[in-house]
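Please treat every number below as a calculation from the coordinates, not as lab data. Computed from a prediction, not measured in an experiment: that's the story for all the values here. In this analysis, Cβ positions are derived from the backbone assuming ideal geometry, glycine residues included, and neighbour counts consider all displayed protein chains.
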């Protein structure tokens, strides 16, 4: 019987952490982006859940690189979205290219990753 990928939650939490970190930074320090408390709340909750997951579940080989890539994808993704919404900030070409490259790299690593077999009887 195949075990479902529980590390997808870690990757999603890393993505949300990156999004909310850049959103919190933009809300606090950018005069173009209106202030909102929600990115700060999302950042605190995502970091707390990611920390709890780190304490309670072992990370498989290659997982820290994927989590860091998802975190960077969240940062660059939010930057791209904000630059589309507020073009006076600047061009979104570089963050868009980095997002596409990270998505392809993450997809390649997830596809070629070896999942450990659990041979214990159930």
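Principal-axis analysis of the Cα atoms of the chain puts helix 63-85 at an angle of about 20° to the longest axis.
Computed from Cα positions, the angle between helix 8-29 and the longest principal axis of the chain comes to roughly 20 degrees. Between residue 93 and residue 113, residue separation times 0.36 nm minus the direct Cα-Cα distance comes to 4.2 nm.
Largest GNM mean-square fluctuation among 64, 39, 95, using the chain with Cα springs under 10 Å: 64. Along each principal axis, taking the top coordinate minus the bottom one, the Cα set of the chain gives 59, 29, 18 Å in descending order. With everything on Cα atoms, drop me the angle between helix 38-56 and the longest principal axis of the chain, reported from 0 to 90° to the nearest 10. That helix lies at roughly 20 degrees to the long axis. Shown for 61, 7: other C-beta atoms within 10 Å of each C-beta, ranked fewest to most, produce the order 61, 7.
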